[in-house]
Amino acid sequence: MNPMEKEKKIELLVLVIFTGFICAVVFHLANHFMGRGYPYDTFLFRSDDRFMDFFNPLRGSSDLDPYNPARINYIGGYLPFGYLVSFLFSLTRPWIISLAIFITLFITYLIWYIINTLYRNKKLNFAERLNALTLVLLTYPILFILDRANFDIIVFIFISLFVYLYQRGRLTLAVLLLAFPIAMKGYPLVLLTIPLLDKRIRDILLTGGLTFALEIVSLAVFKGGLAIEFSKMLASFGTSYSIAFGSGSLVRFNSSLFTLLLFLKPSLITSSWFNRAYVLLVTAFFFIITFVIYKNNYPFWRRLLIITLMMILFPQSSGDYRLLMLYPPLLLFLAQNEKSSIDKVTTILLGLILIPKAYYVFYSDVNIGIILNPMLLTILLIIVSIPLKTQRRTD
């Protein structure tokens, strides 16, 4: 397969996204006009629950008591700094204004980030404006995270800033920024693999210290103080896990391998050996793939893409809004100077991952995306992890 130029990759990606979006809209509109309601008339979650990933944490943290056991049914299990962030948003009243600020911040930042990464602030022609517009408004993870208004929006901003600064040589500041998303939700911890491969041990230690400080300060300002809130937090994590997986609520609109396995065999959730075996297995795969990256000295965009794919696939839960985290490596892949024989298949797979797929519903609102997204992510992970030669452009 011949290597592709930057413009061709962008055109192919936009074509896949636009086609996938139009097909999904036509399909769900047809279901709507046939009188078929939720979940057949949308690829998003229930309209009566829109933006609740934003409002629920605000409800739980507005009085600085986020780990109150009475709230566990709806608030979830964020780390302390995540709830401190939601508390800060709760200070703006009414909360609909806070939501408007939250979404406006995200869309404005996303437009800047896409244009700056792909086109380096050049004056855009009409086609380039359409490309940017497609990436901002027509992809499934963007539409899904806007519909949910999930705080992964803040996580994404910090991760993309890490990527932006790391690429520009501001390594210590870039790595330090990872402390904030790690302290919010934990899973971005795996991104420290990138500075680890570059032997930035001091930066990693500083980031670990900052993360710890953010969590301690957050717990200390909560209602019961550091010791009591720490105990409540531990209890909250165990309860929220059992509620979420026991009810099956996290086995929908999810892209992790764990939830795929639970969908295929629901009884596994009651098997303690399965949780342990899964954690051990994905940890082993993570270290094996990281060793492959180390031995082959992959370029930055490829290392980032591999780590990001594992960051989405391997946790026990990865809501579909987390597919948004593919944007930094995706944009770097489109803009990078190296070319390889897997350019076309990588572009197509990324496009397929970013389009809606709710064409078949198994039960309730669990659709075929629960199978297709983990499969596409796994195929892409295998392809980009295999060592191959690249060609460097001379322009």
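Any read-out appearing in this document is the output of simple, stated calculations on the displayed coordinates, not a laboratory observation. None of these values were measured; they are calculated from a predicted model. Cβ coordinates were reconstructed from backbone atoms using ideal geometry, including for glycine residues, and neighbour counts include every protein chain displayed.
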Can you check what the net charge comes to around residue 171, using other residues whose Cβ is under 13 Å from the Cβ of residue 171 (Lys, Arg +1; Asp, Glu -1)?
+3
In vacuo Debye sum over C-alpha of the chain, base-10 log of normalised intensity I(q)/I(0) at q = 0.09, 0.10 Å⁻¹, listed in q order, is -0.54, -0.68
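Arranged by the count of other C-beta atoms within 10 angstrom, fewest first, what order do 207, 290, 270, 172 take?
Values: 207 26, 290 20, 270 9, 172 15.
Least to most surrounded, the residues fall as 270, 172, 290, 207.
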Fewest-first ordering of 123, 232 by Cβ atoms within 10 Å yields 123, 232
Net charge near residue 10 (other residues with Cβ under 12 Å of its Cβ; Lys, Arg +1; Asp, Glu -1) is -2
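Treat the count of other C-beta atoms within 10 Å as a stand-in for reagent exposure and order 317, 61 from fewest to most. Could the numbers behind the result be given before it?
Values: 317 19, 61 27.
Taking fewest neighbouring Cβ atoms as first place, the list is 317, 61.
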What does the charge count near residue 218 come to, summing +1 for each Lys or Arg and -1 for each Asp or Glu among other residues with Cβ under 15 Å from its Cβ?
-1
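Percent of alpha carbon pairs in segment 314-377 separated by more than 19 Å?
It works out to 40 percent of all Cα pairs.
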Give the relative contact order (percent, whole number) for the chain; include only Cα pairs under 8 Å separated by 6+ residues.
25
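Please tell me which of these pairs span more than 31 angstrom C-alpha to C-alpha: 123/295; 8/265; 8/123; 232/357? The partial results should precede the final answer.
Details: 123/295 40 Å; 8/265 42 Å; 8/123 19 Å; 232/357 39 Å.
In this structure, 123/295; 8/265; 232/357 lie more than 31 Å apart at Cα.
State to the nearest 20 debye the size of the charge dipole of the chain about its Cα centre, where the only charges are +1 on K and R beta carbons and -1 on D and E beta carbons. Before the final figure, lay out the partial values.
Values: 35 positive and 21 negative charges, 182 e Å.
The dipole of the chain has a size of about 880 debye.
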Which of the aspartates and glutamates could be linked to residue 6 by a straight reach, that is with a Cα gap under 20 Å, when you skip same-chain ones fewer than 8 residues away?
128, 338, 343, 395
